[in-house]
1. What spacing in nm lies between the two simple spin-label points modelled at S198 and K211, each 7 Å away from Cα in the Cβ direction?
2. Counting just the Cα atoms, what span does the stretch 142-244 cover along each of its three principal axes? Round to the nearest Å and put the largest first.
3. Report the calculated FRET efficiency for A250 and S147 (r = Cβ-Cβ distance, R0 = 22 Å), to the nearest 0.05.
4. Among V110, V209, V216, V161, rank each residue by its count of other Cβ atoms within 10 Å, from fewest to most, as a rough exposure measure.
5. For V216, what charge total do you get from the other residues with a beta carbon under 13 Å from its beta carbon, if Lys and Arg give +1 and Asp and Glu give -1?
6. If a/c stays under 1.5 just call it rounded; otherwise compare a/b with b/c (prolate if a/b is bigger, oblate if not). Do that for the stretch 34-132, with a ≥ b ≥ c from the square roots of the Cα gyration tensor eigenvalues.
7. What are the semi-axes of the equivalent ellipsoid for the stretch 99-170, taken as the square roots of 5 times the Cα gyration tensor eigenvalues, largest first, in whole Å?
8. Tell me the label-point distance for the pair K257, V173, using the 7 Å Cα-to-Cβ offset, in nm and rounded to one decimal.
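Bear in mind these aren't lab numbers, they're just calculated from the coordinates by the rules spelled out. Note that the structure is a prediction, hence the values are computed from the model and not measured. Cβ: placed from backbone, ideal geometry, glycine included. Neighbour counts: every protein chain shown.
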Amino acid sequence: MEFPRFTFNPKEGIDNPALVINDDPESNKSPMPKLCHLKRLEGQGFGFHLRMSSQSFEIIDVEPWSPAEHSGLRDGDRVLEVNEENVNNMDFNKVVRKIQSCGLHLFVLVLRREEYEQAVSIGVNMQMLAKASKGDRWSRPRLCHISRHPEHGLGMSIISVQGQKGQYVVSTVTDSPAEKAGVCNGDRLIWINGIMVSTLTHSILSRTVKKSGDSVTVLVIDRESECCYVRRKMPILPVVAECCSLPHTAKTMHLVKGRNGYGFLLRQEKLAGTQRTELYILDQNETRWVKPLTTS
């Protein structure tokens with residue numbers, strides 16, 4: 001039995017929906033944000049500058065061998081987020097301060113220059129694009145400050161995850177101090193009082209909680225969001241967290257300059273393992289500097 005010989009006619013094509021011939025494979029490629037993790041040493045800069053460029057924040061002057069270059073940042077990159085916070089409607093100076101005050105770790109979500117220009121030309125919503133890169137169930141970790149109740153305590157217990165060393169979940173009591181501070185039942189515990197819990201045994205962790213005094217500060221995240229961070233290969237750190245019920249908040253103060261200036265001096269000194277800033281204030285008679293207030 002002979003089968004008919006197949007001859008391909010390019011004018012007729014092939015009636016096969018599984019086969020799609022596209023002369024430009026790049027035409028349907030959507031812009032993909034890149035997450036850059038910059039890690040610097042104490043006293044070191046990140047190695048780049050930021051400027052406002054056509055309603056966007058542009059990375060410029062990336063220094064060779066710097067944390068910025070090592071992370072993959074390039075000149076011309078457009079910034080979408082800084083430490084998981086969208087900067088689309090943020091003031092330029094606020095973005096700069098956010099970068100300068102982030103400590104040793106900085107996470108920047110960017111689009112390459114060409115991709116950004118392509119996205120703008122077709123009207124892509126940058127906020128939605130950034131959100132889509134994380135997943136539907138993503139939310140930021142929460143940094144929660146819990147004040148101990150004199151009778152009911154913190155209102156939470158810490159449970160080891162079976163078969164996973166250094167992994168802990170939190171079980172909360174309804175209407176407890178922990179729950180009111182923002183901790184949810186079933187949250188993964190990541191940090192406690194500035195210590196990464198993955199380095200602690202359950203017994204050491206329990207002693208840490210007992211010795212914490214009247215309050216404890218924890219970094220927690222829900223299971224679905226933790227999976228998003230794992231998929232993105234992004235460590236969960238306090239710098240990207242949403243702050244909940246913290247005892248101290250930053251204040252904006254309006255000062256009117258007097259004949260002797262603003263009436264205060266700042267002096268910074270480094271101590272072992274910490275840095276202290278002392279604020280000296282002039283007394284009411286403007287004759288002497290009063291006892292300093294110390295901040296960390």
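1. Roughly 2.4 nm, to one decimal.
2. The Cα atoms of the stretch 142-244 stretch 41, 27, 22 Å along their principal axes.
3. On the way: r = 20 Å, r/R0 = 0.91.
The computed FRET efficiency comes out at 0.65.
4. Neighbour counts put them in this order, fewest first: V161, V209, V216, V110.
5. My count for the surroundings of V216 gives +3.
6. Verdict is prolate for the stretch 34-132.
7. Working: eigenvalues 318, 55, 39 Å².
Rounded to whole Å, the semi-axes are 40, 17, 14.
8. 5.6
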